[in-house]
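Below is one structure, written out as structure tokens, with a few remarks after it.
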Amino acid sequence: MIYGYIRVSTDVQTVENQKIAIRNFCRYRRLHHVQWISETISGTKKPEKRKLGKLLEQAQENDTIIVTELSRLGRSLMMILDVLQTFLEKKVRVIAIKEGYELGDNIQSKVLAFAFGLSAEIERTLLSERTKQGLERAKKSGKHIGRLPGQKPLHYKLTPYRHKIKRWLKAGRSKLSIARECGVTWCTLNRFIREHLNDKPPEPLTNKPKKHGHPTILERQWFDKNGN
């Protein structure tokens, strides 16, 4: 299968120029039956939140991905390298027209794959180091990092579901099915049941939580009605 992947960041931009470039390349290389994947979304979004994520999953060995340039895959070096590494591990050929790259099952591609992996690892190390340095500077300047000692949230993600969870457990439903119903992992649900299911109900919220906590359905309706 041959895929032509096209991405633009805004509705103002057009995909036609990219499509024409890929068509001309395919005509020159005698490649036929191209399946087009086009989307309008920022390259800063993670691949799994784009159509590119589905392409990463469905692409199979000996498939070909054609892009006009590598920047269509992402806006950061690390993101592009991770996408390319995933394709190469699945033995999917990637062609970037502008850069002239044709990455597939050959020695050059294997060398580039090693370089990509090394570059991504260096980038992750540098990012981690910059984060640590930033936290150290904040601590030295007297800024508190993280939650205050002894401070615990009164509202948890599963707090609005606590009555339903009790009914489901009493009815014999498995924790895994309940976790899927609530959109959390089994570990999160199990920890909530163990530590917070029988907590005293918190006082009703009068302001929407900014970072931690989730309002109940009734509280959310009250906020919508009163404009908070």
Here the net charge surrounding W186, from other residues whose Cβ is less than 10 Å away from its Cβ (Lys, Arg +1; Asp, Glu -1), is +3
Of 123-136, 92-105, ordering from highest average Cβ density within 10 Å down gives 92-105, 123-136
Length-normalised contact order of segment 1-119, Cα under 8 Å, at least 6 apart, in percent, tallies to 26 percent
Here, K140 and T44, labelled 7 Å along Cα→Cβ, have an inter-label distance in nm of 2.9 nm
Computed over segment 8-131, protein heavy atoms only, probe 1.4 angstrom, the accessible area per residue in square angstrom equals 63 Å²
Residue by residue through segment 31-38, the couplings from Karplus 6.51 cos²θ - 1.76 cosθ + 1.60 with θ = phi - 60°, in Hz, x for Gly and Pro, are 9, 10, 6, 7, 9, 8, 10, 10
Whole-Hz Karplus couplings 3J(HN,Hα) for segment 130-145, θ = phi - 60° and coefficients 6.51, -1.76, 1.60, Gly and Pro as x, run 5, 5, 4, 5, x, 5, 5, 5, 5, 5, 5, 7, x, 7, 7, 9
Of the listed links K90/K110; K166/K200; K19/K98; K45/K98, those spanning more than 18 angstrom between alpha carbons are K45/K98
Around G134 (Cβ within 14 Å, Cβ-to-Cβ, excluding G134; K/R +1, D/E -1) the net charge comes to +4
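The values are calculated or read from the model by the stated rules, or taken from the named source; none is laboratory data. Because the structure is predicted, anything quoted here is derived from the model rather than measured. FYI the Cβ positions are ideal-geometry reconstructions off the backbone, even for glycines, and counts take in every protein chain you see. All accessible areas refer to the heavy atoms of the entire protein, side chains included, with ligands and DNA or RNA removed. Shrake-Rupley method; radii C 1.70, N 1.55, O 1.52, S 1.80 Å.
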